[in-house]
Structures are given as C-alpha cells and as structure tokens.
Amino acid sequence: METGIIDGKLIASAIHVETKQEVADLKANHNLQPGLAVVLVGEDPASKVYVGMKVKKSAELGIFSKKHLLSKDSTQDQVLAVVNELNDNPEIHGILVQSPPPPQIDEAEIVRAIKPEKDVDCFHPVNVGKMLLGEEDGFLPCTPHGIMMLLERSGVDPSGKHAVVIGRSNIVGKPMMALLIQKAKGANATVTVCHSRTANIADYTKQADILIAAIGKPEFVTADMVKDGAVVIDVGINRVDDATRERGYRLVGDVAFDEVSKKCSLITPVPGGVGPMTIAMLMHNAVKACKLQNNI
Ligand code: GUN
C-alpha cells in the first residue's frame, strides 16, 4: 500500500499564514494587537523548549507575548498572584500556564483561576463544557483541534468512520473524543476510547478507520494492532536513550512508525506531525480571544 505522510509542519505553516493575516486585519481595522501570556513554573527542559517556541511564534505572527518564568519552588499563592494580575491586564487576551507544573502546585485550582475568556488552552471547566456542548463562543483545546485540522486538510472526513482514541487525558484523549463525536462538519465519527485499563486493546485498535495514539508510551502501537488502510495520528513525543545521537536521545511517537507506516493509508510523523499543530491552534486561539473580548 502507498502510504501518505501527513505533513504537520506544512499544514501548521498554512494556518500561521492565515493567523498572521487576521492579526494584521485586527491592527488595520481595529487598532488591536492580540496579547498572549505564557507562564512557566520550574525548569522542566521539554516545557522550556515548548514555551520558547510559543513566544517565538507569537512574535513572528505579530502577537504581543509575555513570558513569566517562576522558580520551581514557587508557592500556589505566587502562581495565583501572577494569573490574577494577567486576568486584569487589558493587553493580555490569552493566558497559558505550561503543564505540568511542579508537584506542590494544584494545577486544577490554577486553571480555574484563569478567566474563561482568556483560557486559550481550553482547560477551564467553562470552556471544556462549551466544547462538549458544541458551543462556539469558547475555545477548542489546541492539540485535539490541531488533529481535527490535520484530518480536514488531508481530506479525511471522520463522518461515519470508527475513530479509536488511545489515552484519556484531559489535554488530549477526552477532548479528542468530544470533538470527533460532535454533530458537525468534519466530525460525526463513532468513537471508542481505550486507556491503560482497557482489556485486549488490540481488539479495538484493529477496528479503527482513524487511530489516534495519545498514551505516552514509546512505539506502543505496532503493525499487528492496525487495520489495513487506517489513518494513524501519533500524538506521542517520547525521549528514548540513543547513544548514537549527540544529545543522547531521540524522539519517538506512540506508534512504531516504520512498521505501521507500511500498513496504513496516512500517518503523522514524530516530530513534524501533531506537534506543530498545537502551536498553530494556540496562536489561532490567542486571536480568537482578542476578538471575543472586543466583540469582533
Ligand atoms: N503541556 C503539554 N501540552 C500543553 C498545552 O497544550 N498547553 C499547556 N499549557 N501545557 C501543555
């Protein structure tokens, strides 16, 4: 079978072009500039890289951004104080607190402290509820929304298809299910969610027309778990030791790419698949936040 690679970098850059134009239109027509605050608590190396990428991309698109670096020993009250200040800052339309924070921080309380209209991650219960109800005046969560865009822009219509999601996290698995089952263009899938306690997981994954792996286990999905011709979306970004690489590790997804790519019709690579889409949809949400807060 001829397998196609879904090029997330290419699709994300097309979305960035659209977002950049929206930013320019906001400036020209309303004299507004979207503002995004990115808060990082602690020193997690991967989180530092992601936060740096978000700030850099904001600048490229003309979005004002502000990085808040808090020490790994920060208290809950210190983080809440930063969130409250950003809630009240009219230059800031979107607030993102990079996850996961250090263990002394109660992430659920931080998320609830962010004003829902500034919650560009769509982590706040108000926005999660709006998403589940299919209401359009909230935000969609960046990674699952990015996956919906990858499918749409690769010509994959989930309607009537069986989508199997592996993973039930609040960031990916649960909202992925919610977006795929919506009665809406680009959705209408039948969805099965598998997770760490699912018995005989391959029985489900083998039925998938669209298989979305978001379980955080390197190369968990092997060829024998995939139906011929399936569309495979790999959300995983796992560091595995590799002495042959200068940095001592390489990045692999949750899918054993070499063997699975021989069997499926379309697949996302790691890196360069889902990852770039998360940032693209975050930028999209920052612009949406600015518009919503200004009744545009
Ligand atoms: N950590 C991993 N992905 C994300 C994300 O989309 N947003 C935030 N805030 N933290 C993350």
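The values are calculated or read from the model by the stated rules, or taken from the named source; none is laboratory data. The model shown is predicted, which means the values in this text are computed figures rather than measured ones. Please note: Cβ atoms are built from the backbone with ideal geometry, for glycine as well, and neighbour counts cover all protein chains shown. For accessibility, only protein heavy atoms count, side chains too; no ligands or nucleic acids. Shrake-Rupley method; radii C 1.70, N 1.55, O 1.52, S 1.80 Å.
Below, the figures for the structure above:
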item	result
Out of VAL193, VAL164, VAL172, sole residue that is farther than 17 Å from THR278 by Cα and surrounded by 20 or more Cβ atoms within 10 Å (Cβ to Cβ)	VAL164
Qualifying residue in the range 260-269 (condition: farther than 20 Å from VAL226 by Cβ and open to solvent by 40 Å² or more (accessible area, probe 1.4 Å))	no
Meets criteria (in contact with a helix residue (DSSP H, G or I) (Cβ under 7 Å, 6 or more places away or on another chain) and away from the ligand (no atom under 14 Å from the Cβ)) for LEU140	no
Residue in the range 27-46 that is assigned to a helix (DSSP H, G or I) and modelled with pLDDT under 95 present	yes
Hey, MET225 open to solvent by less than 40 Å² (accessible area, probe 1.4 Å), more than 16 Å from the ligand (Cβ to nearest atom) and not polar (S, T, N, Q) or not	yes
Identity of the residue in the range 64-81, farther than 19 Å from PRO100 by Cβ and within 16 Å of the ligand (Cβ to nearest atom), that ends up surrounded by the most Cβ atoms within 10 Å (Cβ to Cβ)	SER65
Among (1) away from the ligand (no atom under 14 Å from the Cβ); (2) open to solvent by 10 Å² or more (accessible area, probe 1.4 Å); (3) over 30 Å from PRO34 (Cβ atoms), the one test that GLN293 misses	(3)
Filtered residue count, the range 116-138, keeping only those that are touching a residue at least 12 places away in the same chain (Cβ under 8 Å), assigned to a loop (DSSP other than H, G, I, E, B) and surrounded by fewer than 18 Cβ atoms within 10 Å (Cβ to Cβ)	2
Selection status of PRO141, surrounded by 21 or more Cβ atoms within 10 Å (Cβ to Cβ), touching an Asp or Glu at 6+ places or on another chain (Cβ under 8 Å), closer than 25 Å to GLY8 by Cα and not small (Gly, Ala, Ser)	yes
Qualifying positions in the range 24-59 - open to solvent by less than 40 Å² (accessible area, probe 1.4 Å), away from the ligand (no atom under 11 Å from the Cβ) and either among the hydroxyl-bearing types (Ser, Thr, Tyr) or within 29 Å of VAL156 (Cβ to Cβ) (or both)	SER58
Output for the range 154-170, where each listed residue is within 16 Å of the ligand (Cβ to nearest atom) and within 13 Å of ALA213 (Cα to Cα)	GLY167, ARG168, SER169
Which listed residue, of ILE110, ILE181, is β-branched (Val, Ile, Thr) and within 15 Å of the ligand (Cβ to nearest atom)	ILE110
Condition met for LYS118 (farther than 19 Å from GLY138 by Cα, within 14 Å of the ligand (Cβ to nearest atom) and basic (Lys, Arg))	no
Index of the failed condition, VAL17 passing every other in (1) out of contact with any strand residue (DSSP E or B) (no Cβ under 7 Å at 6 or more places or on another chain); (2) in contact (Cβ under 8 Å) with a residue 24 or more places away in the chain; (3) not charged (D, E, K, R)	(2)
Among (1) open to solvent by less than 50 Å² (accessible area, probe 1.4 Å); (2) at positive phi, the one test that GLU219 misses	(1)
Matching residues in the range 10-23 - criterion: being among the aliphatic types (A, V, I, L, M), open to solvent by 70 Å² or more (accessible area, probe 1.4 Å) and closer than 17 Å to LYS56 by Cα	VAL17
